[in-house]
Amino acid sequence: MYHKSNTYAKIKEKHENYQQLKDVLILLRLVFFDTRKVYMKLIHTHKAPKAVGPYSQGVVVKGETLYVSGQIPFIPETMTLVSDDIKEQTKQCLNNILAIVHAAGYEKEHIVRCTVFMTDLSQFALMNEVYQTFFEDHKPARAAVEVRRLPKDVSIEIDAIAVK
């Protein structure tokens, strides 16, 4: 009888531990879902073109990493293309990125990576000239790819990641 009683006690203890674990998991789940809204801080500024779709200009995650959505060479006030010149388009994209970076409380030096999307990589050298002037001695990681088409039929789009 002692043996059965001891087994019963162990099963009961395991069950109680399981219930405690289950309660902790439920609590963690509630905390996670309650803090999800704080997990992503949406960034918006009138100094960059408004989003042309269902996305944010930028998102800060965990208070340290800023993801800047791809910026096209639109003038923020008019939402029109700056010009047909790839150098002016590149400069406008980078200025739009910088406006979002500043709106999030970051600086240009916090930018750690950019992706450049171009519809014609034969203009890469012209884009690169403006890019180099913009970043000066600061050299974030970068990828440049040619794509068939971009939103609003622009020639270039640039996104960025910044970290404090």
Quiz item: Too long at a 23 Å Cα-Cα cut-off: which of Lys41/Lys87; Lys47/Lys164; Lys87/Lys164; Lys41/Lys152; Lys41/Lys139?
Solution: Lys41/Lys87; Lys87/Lys164; Lys41/Lys152; Lys41/Lys139
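Restrict the search to region 51-123; then list the GluC sites (Glu not before Pro) that DSSP places in a loop and that have at most 11 other Cβ atoms within 10 Å of their Cβ.
Values: sites: Glu64, Glu77, Glu88, Glu107, Glu109; in loops: Glu64, Glu77, Glu107.
Listed in order of number, the matching sites are Glu64, Glu77.
Given axes a ≥ b ≥ c from the Cα gyration tensor, I'd like to know whether region 44-163 is rounded (a/c under 1.5), prolate (a/b larger than b/c) or oblate. Please report the intermediate quantities before stating the final value.
Details: a/c = 1.63, a/b = 1.21, b/c = 1.35.
Oblate is the answer for region 44-163, as a/c is 1.5 or above yet b/c matches or exceeds a/b.
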Self-check item: Sequence of Tyr39, Tyr131, Tyr67 once ranked by neighbouring C-beta atoms within 10 Å, starting from the fewest
Solution: Tyr39, Tyr67, Tyr131
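Each value in this text was obtained by applying a stated rule to the coordinates, not by laboratory testing. Computed from a predicted structure; not experimentally measured. Glycine also receives a Cβ, built like all others from the backbone with ideal geometry; neighbour counts cover every protein chain displayed.
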